[in-house]
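Notes follow once the structure below has been shown.
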Amino acid sequence: DDYASRFAGEIGAWLLKVQEEATLQMLAAYPNAKILDVGGGHGQLTGALIQNGYQVTVLGSAESCKARIQHFVDANRCDFKVGNILDLPYPDNTFDIVISYRLLPHVSQWKPFLTELVRVADKAVIVDYPTVRSVNAIAPYLFKLKKGLEGNTRPFTCFQESELLDYFHSLGLTPIDRYPQFFLPMVLHRMLKFPHISSALEKLSRGLGLTYWFGSPVILKLEKKQVIN
């Protein structure tokens with residue numbers, strides 16, 4: 001609930017709508033896909049995925065992680081399982097798509113984590129991450145200020161995109177789509193509290209090409225190489 005408060009109100013709904021629309025567009029090529037959402041107990045995408053016909057399983061690290069999606073679980077519209085994100089409790093290629101949002105920047109053993117996501121995915125993996133090629137690069141130096149403004153923020157890792165792509169390539173994945181979400185820091189949008197102003201600023205930034213080069217967090221979709229026997 002504390003984490004969800006960061007996405008409360010109209011501005012929070014707008015931030016999540018940007019994420020949702022980009023995700024659904026990336027998933028459009030896989031109708032009715034079987035999806036595993038690792039660390040998705042925040043429920044940011046669960047409802048949208050279900051409404052668009054996807055078969056959703058959410059994996060969390062503890063039973064308490066399903067509190068925000070309990071109504072979907074009770075209605076048999078979503079499955080929930082407790083498991084270790086570094087040792088997922090599924091055989092290889094169990095799910096068509098594996099997604100994980102808001103988690104990678106907080107995982108210290110990120111290579112084993114990504115290896116597990118790839119292992120249980122049959123077709124594609126979708127993750128999001130903050131990139132060093134953005135305002136997030138100076139986040140460690142502004143952390144005290146950010147925490148003072150947001151109250152419940154946590155330290156996170158910003159990634160060199162080439163390092164992530166190289167590692168995914170070593171696992172046999174090819175990048176298919178990339179969507180940087182915001183040019184301006186999300187904390188600034190939360191401070192503004194006016195979605196129409198934030199939307200206009202981000203539309204201008206995207207039109208100027210700033211978001212493409214410096215936007216963050218980035219949603220990245222990668223597909224597995226299909227082995228033909």
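The values are calculated or read from the model by the stated rules, or taken from the named source; none is laboratory data. Note that the coordinates shown come from a computational prediction; the quantities given were computed from them, not determined experimentally. SASA here: full protein model, heavy atoms, side chains in, ligands and nucleic acids out. Shrake-Rupley method; radii C 1.70, N 1.55, O 1.52, S 1.80 Å.
Odds and ends about this structure:
- Shape category assigned to region 15-112 from the gyration tensor of Cα positions, a/c cut at 1.5: rounded
- Portion, in percent, of the accessible area of the chain that falls on carbon or sulfur, probe 1.4 Å: 56
- Mean-position separation - Cα centroids, region 185-218 and region 76-130, in angstrom: 28
- With respect to the chain, whose longest principal axis is taken over its alpha-carbon atoms, helix 9-27 is tilted by about 40°.
- Using a probe of 1.4 angstrom and keeping all protein chains present, the accessible surface of region 15-127 works out to 41 square angstrom per residue.
- The value of relative contact order for the chain, using C-alpha pairs under 8 Å at least six residues apart, is 20 percent.
- Angle in degrees between helix 161-170 and the longest Cα principal axis of the chain, rounded to the nearest 10: 0
- Too-long pairs where the Cα-Cα distance tops 20 Å, listed order kept, from LYS17/LYS81; LYS81/LYS224; LYS66/LYS221; LYS66/LYS123; LYS34/LYS225: LYS17/LYS81; LYS81/LYS224; LYS66/LYS221; LYS66/LYS123
- In the context of the full set of protein chains, residues of region 182-229 present 61 Å² of accessible surface per residue (probe radius 1.4 Å, heavy atoms only).
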